[in-house]
Amino acid sequence: MLSGDVEKQYASETQPILHQGDYRPDVDGLRAFAVISVILYHMNPAWVPAGFAGVDIFFVISGFVVTSSLFGRDHKDGPTQFVLGFFVRRAKRLLPVLMLVILTSATLLAFVAPIWDQEMTPKFLKVGMAGVFGNANNWMVFGEVHDYWTQGDAAFNDYHPFLHLWSLGVEEQFYVIYPFVLLGAMGTSMSLNSGPSMSRHLNFLALLTMSSLTLAWILEETSMSLHAFYLLPSRFWELAFGCMLFPMCSGIRQVLLRDRVLARALEFVAGALLVVSVIFTKNGETSFPVPWGFLPTIAALCYIAVGTVSQDTLLNSGLGSKWPVYVGRLSYSMYLWHMPVLAIMQWVTVNGRDSILNCFVSGVLTLGLSIASFHLVEEPLRRVKGISSFHVLGMTLAVTGAVTLWIGLLMHARKMASEAEAEAWLMRALCLMCAVIATLFMEHLPWQRPLKLFIAGALLLVAVGVSETSIFIKAQNAAATVPGAGPGALVSLSSKVQLAAEESLSASCTCSKTLHQVKFPEFAATNADAPTCFEEQSVNAMSFLAFEAGHCFAAATRASDALIKNCLPHTDSRALYLITDLQTSSLWNAVSTASSGSGLQAFGISWEANLQGMESTVDQLKRVVKSGDIVAYAPHSAAFHSTEEYKTRIEALQQVSLRADAKLALFDAVPTLPSPSEVCALKQSNSACTISEDASLAQQKVMRDVLTSFVQKDGVAGLDLHELFCHEGRCNSLIPGTDTVAFADAVRLNQAGNQYLTPFICAFLGKVTG
């Protein structure tokens, strides 16, 4: 924390603040405001709905502070040493804690994430690896796409310990190019009094700023908002505003000293915009960085400008007081630690990230880790003197290479064929890393080197002992597990439905004789014999792969006439023609298998979520459907913009079936889960994907009402798929009575879900054709 002398030194209104080396406590206070906004947003967006805008404030501060550190430096050694010196200072300031956080977080993530997760966790680790080189933002756009706001990504972002590294990537890439921008504009005469050079510098920055703003706007308007949000070219303008503010501070100060009313008004604008920018700013991927990024940017500029006159103003003096300043000095460590802490808590606890207990524990852990890393790593290493620039850069390359290699080894360990072996090696890696970190921290203690070496050796032995003991205990517990007790990864539902697993998926409808009571509460059908055709299985990576139904069900914007004729051909055999939406195309395996067991040849195609392809599809059905065939339709409520659109589709299919003396079979949609099914498995609790049956039915009420009205007509039958995934008033991602995952995501079924539905659909088709 700052001493009283330091605070007193900067309290005076006449204290110079426009030269390199001067310290602005109120700027650290602004850092505190920004980092707390970001952390609270990631804990619970309802608390600070636009807290992510704190990152925009950081960008302005970075541009201002970096420019102030470069102006006034001694350039007698030439531009090479000027650039190297800047890189060395940035490396000593940023990299030690960054490497520590990435190393620790990657190891913990590899350890706590389920071994079966061979898709999401490797993606997260790759982002961490990219973050080692300041490239996380580019990787998240061009490598593994991650988005703050889309439904699928938002559910998984809670488990992502490296999501926040994108902003570090933007800043580090800016630091690489900015010294060259400064040298190109001003040469070696970097003085605030160098008029022509300063004018060139400001003009060049203004040109780059306008180019960056234009690019950001174009990206937003061309549906490339992800690029606009994450990439440096579309974020450069925020940093550039801070860069341009510093050399203008002298003129701003003179104006505000002459007009105190203007200074107070500017202070009010700064305070109001700071609050508005993090609470009332529009939240969404199509709003940042333009236009809503202007609010936090202007707020930061006004705040810093007011501080050039006096830090005794209510706002600047408040944020420039003792504790906000201390939090501001911790802000870099806090920003780095908060996301891994929240993510690891999400992995290891049943409660959601936004639970009060989780938020409290996460906050305490973040603060404690930040204080420790600031005082034991960040500050000591930043103050190291007497090391050449090339030595520092060489050490930087060595450390980044070592951390990258470590993450690669963690990813390799998770890919091992034996789950037990992978967990054993991860346990060893975790204990070894703890011993190494403890040894590094011990270097700061005032002990003799022999004692330090002895303790380091003891820590290494303890790490080995702890890892091997835990591995042995886990192996013993696994051996004592009762065979056939089930995987236990998810919370199993108690169910009166007895699900047999005598045979795997069969082409017929007689794979088992278990009796199921299939309910059709609003449809014409009644009970049916519905044998099961799947083997109960534990959670694995394949559980979250949707059944791919082939090119006839691909996500095309519009089906061609050739594709429609190919997917809906004429046949002399009795046939079932299935029409789906993109969300329900994953039913194809169950429908086609059940059709085969019912003596029907199955064909199908997916309609787009509009009426454009309907006419061609209906025309083809009129040509191929004949007496004894079944026209089946499996819609999903998300595919419709209006009830009339839904009715139009069913009426068109009904006309086809009536014209050919065929049957029309309507399938009600399966429940739409509140989260992708993988979230349930990651939480080791099905509660994350559970929705009450009443709430689920309410979501689909309009569609079900329309279905019911058609089912009551002659020649139309309906099957309630929704009911088959609900039990005792709850609907979830599991096959009732088992630990088997049925959903690939929040809507689409996986292979197990298809196997589960096959006999029910088969029994239903038997009634329709009988």
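The values are calculated or read from the model by the stated rules, or taken from the named source; none is laboratory data. Everything numeric here is computed off the predicted structure, so don't read it as measured data. Note: ideal-geometry Cβ built from the backbone for every residue, glycine included; neighbour counts use all protein chains shown. In case anyone asks, the SASA skips ligands and DNA or RNA and just uses the protein heavy atoms, side chains included. Shrake-Rupley method; radii C 1.70, N 1.55, O 1.52, S 1.80 Å.
Structure above, values below:
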{"read-out": "Hits in segment 315-343 (condition: open to solvent by 30 Å² or more (accessible area, probe 1.4 Å) and not aromatic (F, W, Y))", "value": "L315, S317, G318, L319, S321, K322, P324, V327, R329"}
{"read-out": "Pairs where the first residue, in segment 285-307, is assigned to a loop (DSSP other than H, G, I, E, B) and the second is among the small types (G, A, S) and open to solvent by 30 Å² or more (accessible area, probe 1.4 Å), C-beta under 8 Å, 6+ apart", "value": "none"}
{"read-out": "Residues of segment 43-63 satisfying the condition of being open to solvent by less than 20 Å² (accessible area, probe 1.4 Å), assigned to a helix (DSSP H, G or I) and in contact with a Ser or Thr (Cβ under 9 Å, 6 or more places away or on another chain)", "value": "M43, G51, F52, A53, G54, V55, D56, I57, F59, V60"}
{"read-out": "Count - residues of segment 364-395 that are open to solvent by 30 Å² or more (accessible area, probe 1.4 Å), in a helix (DSSP H, G or I) and not aromatic (F, W, Y)", "value": "16"}
{"read-out": "Among the candidates Q118, Q81, residue that is surrounded by fewer than 22 Cβ atoms within 10 Å (Cβ to Cβ), of a type in the set (S, T, N, Q), at pLDDT below 90 and touching a helix residue (DSSP H, G or I) at 6+ places or on another chain (Cβ under 7 Å)", "value": "Q118"}
{"read-out": "Residue check, S696 at pLDDT 80 or above and within 26 Å of the chain's Cα centre (by Cα)", "value": "yes"}
{"read-out": "Breaking point among (1) without any contact (Cβ under 8 Å) to a residue 60 or more places away in the chain; (2) of a type outside the set (D, E, K, R); (3) open to solvent by less than 10 Å² (accessible area, probe 1.4 Å), for L697", "value": "(3)"}
{"read-out": "Some residue of segment 270-290 being of a type in the set (D, E, K, R), modelled with pLDDT of 90 or more and either surrounded by fewer than 20 Cβ atoms within 10 Å (Cβ to Cβ) or closer than 28 Å to R200 by Cβ (or both)", "value": "no"}
{"read-out": "Residues of segment 716-731 that turn out to be modelled with pLDDT of 80 or more and not in a helix (DSSP H, G or I), as a count", "value": "10"}
{"read-out": "Hits in segment 243-269 (condition: closer than 29 Å to P179 by Cα and either open to solvent by less than 10 Å² (accessible area, probe 1.4 Å) or touching a strand residue (DSSP E or B) at 6+ places or on another chain (Cβ under 9 Å) (or both))", "value": "C243, F246, C249"}
{"read-out": "Total residues in segment 28-58, condition within 18 Å of the chain's Cα centre (by Cα), closer than 15 Å to R353 by Cα and aromatic (F, W, Y)", "value": "1"}
{"read-out": "Scan of segment 205-242 for residues that are closer than 17 Å to F64 by Cβ and surrounded by fewer than 20 Cβ atoms within 10 Å (Cβ to Cβ), ordered by number", "value": "A206, L208, T209"}
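A quick yes/no check of all residues on (1) farther than 18 Å from L666 by Cα; (2) at pLDDT 90 or above; (3) open to solvent by less than 10 Å² (accessible area, probe 1.4 Å):
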position	(1), (2), (3)
L578	no, yes, yes
W588	no, no, no
T593	no, no, no
S596	yes, no, no
G599	yes, no, no
F603	no, yes, no
W607	no, no, yes
S616	yes, no, no
L621	no, yes, yes
